[in-house]
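Down below is the structure, laid out as structure tokens.
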Amino acid sequence: MLVGRKYRLAFTPGQVEMAEEFGNICRAVWNTGLEQRREYRRRGAWVGYVQQAREVAEAKAEHS
């Protein structure tokens, strides 16, 4: 059985800013990966998780 829990968070203004920044970064990475998969499909090719994870790690090393 699945049990859900809800928590109410009270961020400080600084934490709100950091949470928004983290969310924006995660959204950008997700959207880039999604667009990459779509582009591969358009060309009739396939990109797998391992390849994308490797490319994300490489990009992360290039851009701190």
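The values are calculated or read from the model by the stated rules, or taken from the named source; none is laboratory data. These figures come from a predicted structure and were not determined experimentally. Cβ sites come from the backbone with ideal geometry, for glycine too, and all protein chains shown count toward neighbours. When the accessible area is computed, the model is the full protein with side chains, heavy atoms only, and any ligands, DNA or RNA have been set aside. Shrake-Rupley method; radii C 1.70, N 1.55, O 1.52, S 1.80 Å.
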In the chain, the chymotrypsin sites (Phe, Trp or Tyr not before Pro) that sit in a DSSP loop and have at most 16 other Cβ atoms within 10 Å of their own Cβ are Y7, F11, W46
How large is the helix-only mean residue ellipticity at 222 nm for the chain, computed as the sum of -39500 (n - 2.57) over DSSP H runs with n ≥ 4, divided by its residue count, in deg cm²/dmol to the nearest 500? -24000 deg cm²/dmol
Would you work out what percent of the accessible area of the chain, with all protein chains in place, is carbon or sulfur (probe 1.4 Å)? 59 percent
Please give me the summed charge of the neighbours of A45: other residues whose Cβ is under 13 Å from its Cβ, Lys and Arg +1, Asp and Glu -1. +4
In Hz, Karplus ³J(HN,Hα) per residue of segment 7-16 (6.51, -1.76, 1.60; θ = phi - 60°; x = Gly, Pro): 10, 9, 9, 10, 6, 7, x, x, 5, 4
How large is the accessible surface per residue of the chain, computed with a 1.4 Å probe and reported in Å² as a whole number? 99 Å²
Residue-wise, which Karplus ³J(HN,Hα) couplings in Hz belong to segment 40-49, taking 6.51 cos²θ - 1.76 cosθ + 1.60, θ = phi - 60°, and x for glycine or proline? 4, 4, 4, 8, x, 10, 9, 10, x, 4
With θ taken as phi - 60° and the coefficients 6.51, -1.76 and 1.60, list the Karplus ³J(HN,Hα) couplings across segment 22-27 in order, rounded to whole Hz; mark glycine and proline as x. 4, x, 5, 5, 4, 4
Options (1) 31, 19, 11; (2) 19, 13, 12; (3) 24, 18, 9 for semi-axes √(5λ) of the Cα gyration tensor in Å; the value derived from the coordinates is listed as (1)
